[in-house]
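Here the structure comes first, spelled out in structure tokens, and everything after it is commentary.
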Amino acid sequence: TDRFDPAVADRRWQKRWAEARSFQADSNSAKPKSYVLEMFPYPSGRIHMGHVRNYTMGDVLARFRRMQGYEVLHPMGWDAFGMPAENAAMEKKVHPGTWTRQNIATMREQLQRIGFALDWSRELATCEPNYYGHEQSLFLDLMEAGLVFRKESEVNWDPVDMTVLANEQVIDGKGWRSGAPVERKKLSQWFLKITDFAEDLLEGLGTLDQWPDKVRLMQQNWIGKSRGLQFCFRLAGTAPGGACDIEVFTTRPDTIFGASFVAISPSHPIGEALAAERPEVAEFIARARAGGTSAAEIETAEKLGFDTGLEVLHPLDPDWRLPVWIANFVLMDYGTGALFGVPAHDVRDFEFAKKYHLPIRRVVADSPRGADEPVVEAEPGAGIAVNSRFLDGLASDQATAEVIKRAEAAGWGEGKTQYRLRDWGVSRQRYWGTPIPVVHCEECGPVGVPRDQLPVVLPEDVSFELPGNPLDRHPTWTTVDCPKCGAAARRETDTLDTFVDSSWYFIRFASQPDNRPFDRAEAEKWLPVGQYIGGVEHAILHLLYARFWTRALERIGKIGIKEPFKGLFTQGMVTHETYESLDGRWLNPDEVAVAENGALVERATGTAVRLGRVEKMSKSKKNTVDPEPILDRYGADAVRWFMLSDSPPERDLEWSESGIEGAARFVQRVWRLALAPKGNDGHDAALLRKLHRAIAAVGEAIEGLQFNKSVAALYELASAIEKAKPSATRDEAIRTLLLLIAPGAPHLAEEAWAARGETGMIADASWPAFEPGLLVDDEVTIAVQINGKLRDTMTAARGLSREDAEVLALALPKVQAQLGGGTPRKVIVVPDRLVNIVA
Ligand code: ANZ
Ligand code: ZN
């Protein structure tokens with residue numbers, strides 16, 4: 001037929017690919033290997049446009065690599081544990097497992113409709129025991145290697161619901177369901193020793209030359225290596241040389257003469273000791289602990305302080321006493337849980353000093369003359385030391401070195417390298433996660449579950465009627481015998497952070513034996529992932545945890561690589577216009593109509609609608625476009641093509657009706673070309689050059705993940721073919737065009753390939769080669785001058801003879817007009833560049 005019908009073709013080829021197992025990766029293949037991976041989705045319900053864009057990019061690369069002759073691993077799975085399933089359980093009274101598995105079924109079908117070249121035989125879901133059981137065994141490996149430990153740490157506690165909250169569940173300092181102000185509470189929790197690898201993770205960034213610079217920089221800042229000074233303050237009135245009273249860490253020893261107070265965390269032992277004796281201290285500490293535990297919460301919360309009445313001695317001046325305050329902005333698990341405050345040069349200290357009327361003393365200035373400049377706001381930058389005795393006149397870094405030197409010489413402190421990176425707290429007091437494979441015995445303490453008892457399977461019979469972790473309330477699951485001494489013991493009810501699940505799924509994709517997490521030799525055939533594609537929102541945590549986990553496995557000899565992702569690409573978002581009613585409600589595009597006068601109105605009421613900004617598609621702004629009806633209407637290839645065409649992949653892509661229609665028109669254009677009669681004679685040199693240039697350009701663009709450029713090159717080629725007269729060259733160009741569009745529009749390519757009587761599937765065809773000799777420009781622009789002045793230009797075939805160039809130039813109307821019928825005195829020709837007529 002003269003129209004390509006995606007409703008028929010899409011299913012037909014999806015079925016053929018599945019039957020032929022076209023995209024099943026063979027670990028034993030002798031071909032070179034290529035591992036293309038997109039970040040696996042959370043099964044939230046339905047596929048959204050962001051997924052479609054992300055997976056289309058990966059798919060183009062995967063199909064391209066296959067055509068280039070690689071054995072390609074391009075798998076898909078589900079990051080299936082996590083909070084939303086539990087929220088659904090509480091709100092809709094459906095079991096998290098049921099909800100999750102239904103979503104997976106829906107989303108799998110949606111992905112299959114888009115025709116992604118995925119190896120579905122390797123599909124995995126992290127919520128299934130055949131995945132998380134292996135994770136439990138890896139956890140035990142790390143435990144045996146000393147990389148797992150238990151520590152008291154603060155969690156967000158909802159005092160009304162009596163439950164631990166995740167950071168996302170704390171909204172403006174309040175519990176998301178109860179609305180009660182959240183408190184910080186100490187709990188014993190499991191940690192992974194990521195800090196052991198801080199330096200190595202930092203150094204490794206230097207090797208990742210196929211990662212975006214911004215992501216490497218974000219990781220570098222997150223690891224946050226800094227050089228500083230650690231020292232002890234002695235309490236006034238105690239004997240010198242005694243125990244360390246208050247230990248502090250500072251990255252700014254150069255500001256030591258600007259100190260005006262010492263602040264300790266509300267959880268600092270000194271505070272707790274005082275609280276035991278003085279009720280007003282206890283009361284303050286309780287108040288200071290209110291509010292969430294996330295850095296952002298602590299940063300923005302109002303500064304609260306309590307003057308303990310204690311004083312410490314300045315380390316460089318025994319006559320100088322500093323008051324000791326308890327302050328809510330000092331974190332217990334950072335540095336030493338105490339600091340000296342320098343209001344003039346630290347934002348938090350400044351705010352604190354203003355509130356509690358503490359001295360603000362400038363000790364850094366732009367120049368030595370700035371010593372008396374008033375301090376109107378904190379000046380955290382470096383400069384020249386002032387008002388600092390022996391440090392005066394030194395640049396900040398020299399002053400820092402000088403103070404560290406003196407401290408070490410006199411023995412009151414030492415230089416220390418510090419990392420901002422904290423150990424990774426992996427305990428979650430939640431049901432829907434990987435059970436931590438540990439049993440608590442009164443005699444033996446925490447004991448790892450023996451391997452032959454893995455997986456520790458989540459019980460299905462749980463209730464979400466009450467707040468908190470249903471595992472805690474389970475009548476039988478929690479009761480076990482101690483694996484060591486046999487006494488009655490209690491099962492650990494914390495589950496693992498879902499970031500653990502995503503820290504090794506790419507290894508399990510590469511190798512998935514039944515009886516262990518992966519086979520080292522097989523996994524190493526594929527790893528590291530050649531190209532990883534996903535959202536920049538994962539720039540820090542997921543990517544850092546995966547890098548850590550891989551290193552931890554490397555240290556214990558489970559795998560021979562340290563960096564899991566060789567290439568990383570972070571794609572832009574899909575955006576869309578927003579619509580707002582006059583009374584400030586966001587409206588769905590469906591709820592908006594165009595009135596006769598062209599104005600936007602609410603469909604139901606006819607009242608005016610304001611066109612809002614173009615923003616990331618989101619449920620809250622109601623500006624999402626569901627891919628499913630678009631697929632129904634335009635077919636998979638038009639959707640895929642649009643995702644590739646309009647913007648550079650790292651930038652945002654604005655969804656538009658005209659964009660998808662343009663893509664759909666191109667699909668039909670290619671189809672019409674494919675139906676052109678074959679078997680023509682004759683050679684078309686110009687078209688041949690265009691064809692070879694397109695082969696080179698498309699390949700190079702896909703190689704560099706510049707999909708929009710590959711699309712542009714294909715539009716050009718299609719136009720050139722449309723304009724060309726029938727010839728053998730044109731037949732060849734059409735055939736090649738199909739090969740070049742195959743990664744982006746695979747259903748169309750297959751259907752057209754078959755319609756032209758080609759043998760086999762295009763999915764199995766090879767990427768075409770180009771002739772380098774045909775890439776050079778065949779046309780040149782020649783400048784035409786009269787007496788050295790530019791008068792006109794002309795296009796001509798490269799290599800035009802001097803004589804022909806002269807004839808063509810003299811025939812130009814502008815030249816004839818200038819010469820006014822006269823004959824030129826002389827004509828100078830520089831071949832392919834210039835004709836100068838001397839009149
Ligand atoms: C004195 C000082 C003067 C500081 C100044 C800063 C600026 P980074 O750079 O992120 O490693 N600090 C130390 N322990 C803390 C804790 N437990 N909670 C909150 N803040 C703490 O941060 C190190 C700086 O953060 C330290 O240097 C300390 O304040 C503060 F002009 O000491 B500074
Ligand atoms: Zn025991």
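Structure notes:
- Take every pair of alpha-carbon atoms less than 8 Å apart whose residues are at least six positions apart; their mean separation over the length of the chain yields a relative contact order of 13 percent.
- Taking Cβ atoms as reference points and 15 Å as the exclusive limit, the residues near Glu442 contribute a net charge of 0, counting Lys and Arg as +1 and Asp and Glu as -1.
- Charge dipole (the chain, unit charges on Cβ, about Cα centre) - positive-most of Thr195, Gly635, Phe350: Gly635
- Net charge of Cβ neighbours under 12 Å - reference Pro831; Lys, Arg +1; Asp, Glu -1: -1
- Restricting the GluC sites (Glu not before Pro) of the stretch 642-718 to loop positions (DSSP other than H, G, I, E, B) with no more than 16 neighbouring Cβ atoms within 10 Å leaves Glu650.
- With all protein chains modelled, accessible area of Ile404 [1.4 Å, Å²]: 20 Å²
- Sparse-neighbourhood loop sites, trypsin sites (Lys or Arg not before Pro) in the stretch 808-839 - DSSP loop, at most 15 other Cβ within 10 angstrom: Arg825, Arg833
- Efficiency of FRET between Ser27 and Ala488 - r from beta-carbon atoms, R0 45 angstrom, step 0.05: 0.45
- As computed over the chain, the Cα convex hull volume per residue (Å³): 271 Å³
- Taking the helices alone, the chain has a mean residue ellipticity at 222 nm of -10500 deg cm²/dmol, built from -39,500 (n - 2.57) per DSSP H run of at least 4 residues and averaged over all its residues.
- GluC sites (Glu not before Pro) restricted to the stretch 495-601 and DSSP loop, no more than 14 other C-beta within 10 Å: Glu596
- Given a 1.4 Å probe and the protein chains as shown, Ser647 ends up with an accessible area of around 20 Å².
- Ordering Leu322, Val312, Leu229 by Cα displacement along the dipole of the stretch 202-335 toward the positive end leaves Leu229 in first place; charges were set at the Cβ atoms of Lys, Arg (+1) and Asp, Glu (-1).
- Dipole magnitude (debye, nearest 20) for the stretch 293-414, charges at Cβ of Lys, Arg, Asp, Glu: 240 debye
- Computed about the Cα centre, the dipole magnitude for the stretch 496-609 is approximately 1040 debye when only Lys and Arg (+1) and Asp and Glu (-1) carry charge, each at its Cβ.
- Taking each residue as 0.36 nm, the span from Ala686 to Asp317 lengthens on full extension beyond its C-alpha to C-alpha distance by 124.3 nm.
- Per residue accessible area in Å² of the chain, where ligands, DNA and RNA are left out and the probe is 1.4 Å: 45 Å²
- Area of Arg735 that stays accessible when all protein chains are in place (1.4 Å probe, Å², to 10): 90 Å²
- ³J(HN,Hα) computed for each position of the stretch 553-570 - Karplus, 6.51 cos²θ - 1.76 cosθ + 1.60, integer Hz, glycine/proline x: 5, 5, 5, 8, x, 8, 8, x, 10, 10, 9, x, 10, 5, x, 10, 10, 10
- The stretch 299-315 and the stretch 578-601 have Cα centres separated by 54 Å.
- Along the axis of the charge dipole computed for the chain (Cβ charges of +1 for Lys and Arg, -1 for Asp and Glu, origin at the Cα centre), the listed residues Ile114, Gly381, Val807 are led at the positive end by Val807.
- Accessible-area composition of the stretch 1-110, carbon plus sulfur, in percent [1.4 Å probe]: 48 percent
- For the chain, the Cβ-based charge dipole about the Cα centre amounts to some 1860 debye (Lys, Arg positive; Asp, Glu negative; other atoms uncharged).
The values are calculated or read from the model by the stated rules, or taken from the named source; none is laboratory data. Remember, it's a predicted structure, so these values are computed and weren't measured experimentally. Ideal geometry is used to build each Cβ from the backbone, glycine not excepted, and the neighbour counts take in all protein chains shown. When the accessible area is computed, the model is the full protein with side chains, heavy atoms only, and any ligands, DNA or RNA have been set aside. Shrake-Rupley method; radii C 1.70, N 1.55, O 1.52, S 1.80 Å.
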